[in-house]
Amino acid sequence: MFTNMATDDARPLLRGRRIYLRPPMPHDWRAWAELRTESRAFLEPWEPTWPADALSRFSFRRRLRLYQRDAKADMAYSFLIFRNGDDALLGGITLSNVRRGVTQAASAGYWMGQHHARQGYMAAAITQVCDWSFGELGLHRIEAACLPENQPSANLLRKAGFTEEGYARKYLRISGYWRDHLLFALLEADVRPRFD
C-alpha cells in the first residue's frame with residue numbers, strides 16, 4: 001500500500017511495502033558513492049559521462065544543493081530508493097523538467113545498483129513516484145526515455161503502465177555521444193499496475 005508521509009524537514013517520504021523513497025541527505029554520501037562505484041560498469045553505458053569528481057563528497061554536496069533548489073522552485077524532485085527492513089540504498093529516481101500551465105508534465109529518470117536490479121524494486125519506485133506526482137503535484141503526464149538497446153529499461157516502463165509514444169533521434173548525450181531514444185509516457189488517467 002502506498003502512503004505519502006513527510007520527513008522531519010517536510011520533504012516527501014514515499015513508503016511502500018518493500019521500499020521507501022526520500023530525498024538524498026548529506027549523510028547518504030558514503031552509501032551512494034559505494035553503490036555507484038560498485039555499479040559503475042553497469043550504469044555508465046546508459047548515463048551521461050561521469051565527471052572526474054562524480055563520486056566525491058564535494059560533488060555530492062553540490063548535487064544536494066541543486067536538488068534542494070530545484071524542489072523549492074517546483075522544477076525537479078530527486079529521491080533515493082531504500083529497502084524497508086535494512087535501509088539498504090538500492091538506487092535513485094528523479095522527476096525533472098516539471099512543466100506547469102497547460103502541460104502539467106515532468107520527465108522521470110532512474111538508476112538502480114547492479115546487485116539490486118531486476119528484483120522489482122524499480123517498478124515499485126516508479127509506481128510510488130507516479131502516484132505522488134499525480135496526487136501531490138497534480139501532474140497530468142510523466143515522460144521517460146531509454147536507449148533502444150536498453151531492453152530491461154523499456155520492459156520496466158511497459159510493465160509500469162507507460163506507453164511507447166515515439167522515437168527521438170539524437171535525443172540525449174549518453175556516454176559521450178548523442179543517442180537516439182525510445183519515448184514513453186504515462187497519463188494520470190492510465191491504468192497503473194501495483195507493485196508495492
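Annotations for the structure displayed:
- Qualifying residue in the stretch 86-96 (condition: under 13 Å from LEU139 (Cα atoms) and either in contact with a helix residue (DSSP H, G or I) (Cβ under 7 Å, 6 or more places away or on another chain) or part of a strand (DSSP E or B) (or both)): yes
- Of all residues in the stretch 51-86 being among the aromatic types (Phe, Trp, Tyr) and more than 23 Å from ILE174 (Cα to Cα), the one that is surrounded by the fewest Cβ atoms within 10 Å (Cβ to Cβ): PHE58
- Subset of the stretch 115-132 (residues that are more than 15 Å from the chain's Cα centre (by Cα) and in contact (Cβ under 8 Å) with a residue 60 or more places away in the chain): HIS115
- Contacts under 8 angstrom Cβ, first residue in the stretch 27-43 being within 13 Å of ALA117 (Cα to Cα) and outside any helix (DSSP H, G or I), partner at pLDDT 95 or above and small (Gly, Ala, Ser), 6 or more apart: SER39/GLY113
- Selection of the stretch 100-114 for residues being under 14 Å from the mean Cα position of the chain (by Cα) and either surrounded by 22 or more Cβ atoms within 10 Å (Cβ to Cβ) or small (Gly, Ala, Ser) (or both) yields ALA106, SER107, ALA108, GLY109, MET112, GLY113.
- Residue under evaluation GLY161, criteria (1) part of a strand (DSSP E or B); (2) under 25 Å from ARG15 (Cβ atoms); (3) touching a Pro at 6+ places or on another chain (Cβ under 7 Å), criterion not met: (1)
- Inter-residue pairs, beta-carbon under 7 Å, first free of Cβ contacts under 8 Å to residues at least 40 places away in the same chain and in the stretch 163-189, second surrounded by fewer than 19 Cβ atoms within 10 Å (Cβ to Cβ) and not in a strand (DSSP E or B), 6+ apart: ARG179/LEU147; ASP180/PRO148; HIS181/LEU147; LEU182/PRO148
- ARG11 vs. criteria modelled with pLDDT of 95 or more and surrounded by fewer than 17 Cβ atoms within 10 Å (Cβ to Cβ): no
- ASP196 fulfils the conditions (1) modelled with pLDDT under 95; (2) within 30 Å of PHE60 (Cβ to Cβ); (3) touching a Cys at 6+ places or on another chain (Cβ under 9 Å) except for a single criterion, (3).
- Condition broken by VAL102, with the remaining ones in (1) of a type in the set (A, V, I, L, M); (2) in a helix (DSSP H, G or I); (3) more than 27 Å from TYR177 (Cα to Cα); (4) out of contact with any strand residue (DSSP E or B) (no Cβ under 6 Å at 6 or more places or on another chain) satisfied: (2)
- Of all residues making up the stretch 89-114, the number that are without any contact (Cβ under 8 Å) to a residue 24 or more places away in the chain and more than 16 Å from ALA144 (Cβ to Cβ): 2
- For the stretch 164-196, a tally of residues being in a loop (DSSP other than H, G, I, E, B) and touching a strand residue (DSSP E or B) at 6+ places or on another chain (Cβ under 9 Å) returns 4.
- So ARG179, is it over 16 Å from the mean Cα position of the chain (by Cα) and within 26 Å of ARG36 (Cα to Cα): yes
- The single condition among (1) at pLDDT below 95; (2) in a loop (DSSP other than H, G, I, E, B); (3) not acidic (Asp, Glu) that LEU137 does not meet is (1).
The values are calculated or read from the model by the stated rules, or taken from the named source; none is laboratory data. Being a predicted model, the structure only gives us computed values, none of them experimental. Ideal geometry is used to build each Cβ from the backbone, glycine not excepted, and the neighbour counts take in all protein chains shown.
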